[in-house]
1. Counting only residues that are in a strand (DSSP E or B) and among the hydroxyl-bearing types (Ser, Thr, Tyr), which one in the stretch 66-113 is surrounded by the most Cβ atoms within 10 Å (Cβ to Cβ)?
2. Which ones in the stretch 1-41 are touching an Asp or Glu at 6+ places or on another chain (Cβ under 6 Å) and part of a helix (DSSP H, G or I)?
3. Given (1) in contact (Cβ under 8 Å) with a residue 40 or more places away in the chain; (2) more than 14 Å from the chain's Cα centre (by Cα); (3) more than 16 Å from VAL60 (Cα to Cα), where does ILE107 come up short, assuming only one miss?
4. Quick check on my filter: what residues within the stretch 1-45 are among the hydrophobic types (A, V, I, L, M, F, W, C), within 30 Å of VAL156 (Cβ to Cβ) and either exposed (fewer than 12 other Cβ atoms within 10 Å of the Cβ) or without any contact (Cβ under 8 Å) to a residue 24 or more places away in the chain (or both)?
5. Give the stretch 152-166 a look and list any residue that's of a type outside the set (D, E, K, R) and surrounded by fewer than 18 Cβ atoms within 10 Å (Cβ to Cβ), or say none.
6. Does the stretch 114-151 hold any residues that are among the charged types (D, E, K, R), surrounded by fewer than 13 Cβ atoms within 10 Å (Cβ to Cβ) and either touching a Pro at 6+ places or on another chain (Cβ under 9 Å) or not in a loop (DSSP other than H, G, I, E, B) (or both), and which are they?
Amino acid sequence: MPIRSILRFPDARLSMAAAPVERFDADLAALANDLLETMRAAPGIGITAPHIGILQRLTVIELDPASGPKIYVNPEIIWSSDETVSHAEGSVSMPGITEDVIRPRLIRVRYQTPSGDVVEMEADGLLSICLQHEIDQLDGIFWLQRLSRLKRERAVKRFAKLARSG
């Protein structure tokens, strides 16, 4: 379970849509484990295969280490509420930068387990925000695209300054 290198913004692969996972095998399980270890080391609470340069629809989320990680293969949002919520978001590909993003409060998601079983579930709170954030990434939508132009430009400038000083 090696820790993989995480792509850094503005790597073009972070703006590419990921292909559906078609093989549910030991390689998929190993990739999910690598994602988990990489996310924990970052540190973060969510990561996608595209974050490490693999354009497959796979994400791992761990909101609470006591509850353990959750693996979502080929996740898609099939419904979202009209009610919205604002929450500070960031990315393992842009460490040190956060901004408030407005998203639907409640969503329904369809995904597959690592063994290929299809599951539907509703999510709210932090899980809803994380799923939307990671599914955006799988669709090639980097979280900055959810910000106003002014907030996006400020975040990019702050990240460039961090990169120069770090």
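The values are calculated or read from the model by the stated rules, or taken from the named source; none is laboratory data. Please read these numbers as outputs of a predicted model, since none were measured by experiment. A quick note on method: Cβ atoms are made from the backbone with ideal geometry, for glycine too, and the neighbour counts reach across all protein chains shown.
1. Ranking the candidates gives TYR72 first.
2. None - no residue of the stretch 1-41 is touching an Asp or Glu at 6+ places or on another chain (Cβ under 6 Å) and part of a helix (DSSP H, G or I), so the list stays empty.
3. Failed condition: (1).
4. Result: ALA12, single match.
5. Residues satisfying the conditions are VAL156, ALA160, LEU162, ALA163, SER165, GLY166.
6. Correct list: GLU120, GLU122, ARG149.
Residues are listed down the side, and each one gets a yes or a no for (1) of a type in the set (S, T, N, Q); (2) modelled with pLDDT under 95; (3) more than 18 Å from PHE142 (Cβ to Cβ):
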{"position": "SER5", "(1), (2), (3)": "yes, no, no"}
{"position": "ALA19", "(1), (2), (3)": "no, no, no"}
{"position": "ILE61", "(1), (2), (3)": "no, no, no"}
{"position": "VAL73", "(1), (2), (3)": "no, no, yes"}
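Let's see how each residue does on (1) of a type in the set (Val, Ile, Thr); (2) within 19 Å of ARG40 (Cα to Cα); (3) free of Cβ contacts under 8 Å to residues at least 60 places away in the same chain; (4) out of contact with any strand residue (DSSP E or B) (no Cβ under 7 Å at 6 or more places or on another chain):
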| site | (1), (2), (3), (4) |
| --- | --- |
| ILE97 | yes, yes, no, yes |
| ILE102 | yes, no, yes, no |
| GLU122 | no, no, yes, no |
| CYS130 | no, yes, no, no |
